[in-house]
Amino acid sequence: MSAPTPEDRANLTVRVLEQAIREGRNETAMRSKGGRPGMSFRAWQDVARVEIANAIRDAETEMQRRRGFGNRIAMTAGACLVTVGFWGAAVAWGRVDRSMAALACLGAGAWLIATALEIPISAAWRRNRARRRAKRFENIRSLDRQLRQMERFLEEKKAALEEEIDA
């Protein structure tokens, strides 16, 4: 999977923190003296620190991966230019058959073109993965909305049943 966009990372981090707060609330509400829901600030800080560190680590890893891609293209271009220059000089001095030099230059050119074609192919691949990722995030948002609606419905139903029992 490709690296999420900064907005996706932020949304995911907020979602994880929200989940930690909600779960922490449920756990501490049962254990606390007054039954008050809540999560200690120190526990929340620990969770936030870990999630933010993970997001930054993922971003740095993605930057290193992309930097390696640029270096690979530069090295390939340099190697191809050296190959063509070497075989051109060998032909100019009359030390090598022209057909062999032509084949070597053709191979170097094909290698350079194949490396250059990696750019648009990987860009199309990343766009496709980004579309799929956006669709998955939209599915998650939709599921969250449905769960919230269901929670509201159940709370209303519970309140109505409690009123009916009291009456």
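The values are calculated or read from the model by the stated rules, or taken from the named source; none is laboratory data. Predicted, not measured: the structure shown is a model, and the values here were computed from it. Every residue, glycine among them, receives a Cβ derived from its backbone with ideal geometry; neighbour counts consider all protein chains shown.
Selection of region 39-56 for residues being in a loop (DSSP other than H, G, I, E, B) and either in contact (Cβ under 8 Å) with a residue 24 or more places away in the chain or touching a Gly at 6+ places or on another chain (Cβ under 7 Å) (or both) yields only Met39.
Quick one: which residue in Lys135, Lys157 is surrounded by fewer than 11 Cβ atoms within 10 Å (Cβ to Cβ), assigned to a helix (DSSP H, G or I), more than 36 Å from the chain's Cα centre (by Cα) and not β-branched (Val, Ile, Thr)?
On the way: Lys135 fails: more than 36 Å from the chain's Cα centre (by Cα).
Answer to the check: Lys157.
Sub-7 Å Cβ pairs linking a first residue in region 99-125 that is on the phi < 0 side of the Ramachandran plot and β-branched (Val, Ile, Thr) to a second residue that is surrounded by 11 or more Cβ atoms within 10 Å (Cβ to Cβ) and assigned to a helix (DSSP H, G or I), at least 6 apart or interchain, are Thr115/Ile73; Thr115/Thr76, ordered by first then second residue.
From the set of residues in region 1-53 that are at pLDDT below 65 and among the polar types (S, T, N, Q), which is farthest from the chain's Cα centre (by Cα)? Among those that are at pLDDT below 65 and among the polar types (S, T, N, Q), it is Ser32. For region 38-57, a tally of residues being surrounded by 13 or more Cβ atoms within 10 Å (Cβ to Cβ) and either of a type in the set (S, T, N, Q) or in contact with a Lys or Arg (Cβ under 9 Å, 6 or more places away or on another chain) (or both) returns 4. Residues considered: Arg145, Arg129. Of these, the only one that is within 40 Å of the chain's Cα centre (by Cα), in contact (Cβ under 8 Å) with a residue 12 or more places away in the chain, in a helix (DSSP H, G or I) and under 30 Å from Leu12 (Cα atoms) is Arg129. Kindly indicate which of Ala59, Ala116, Ala74, Ala124 is under 32 Å from the mean Cα position of the chain (by Cα) and closer than 25 Å to Thr13 by Cβ. Unique residue meeting the criteria: Ala59.
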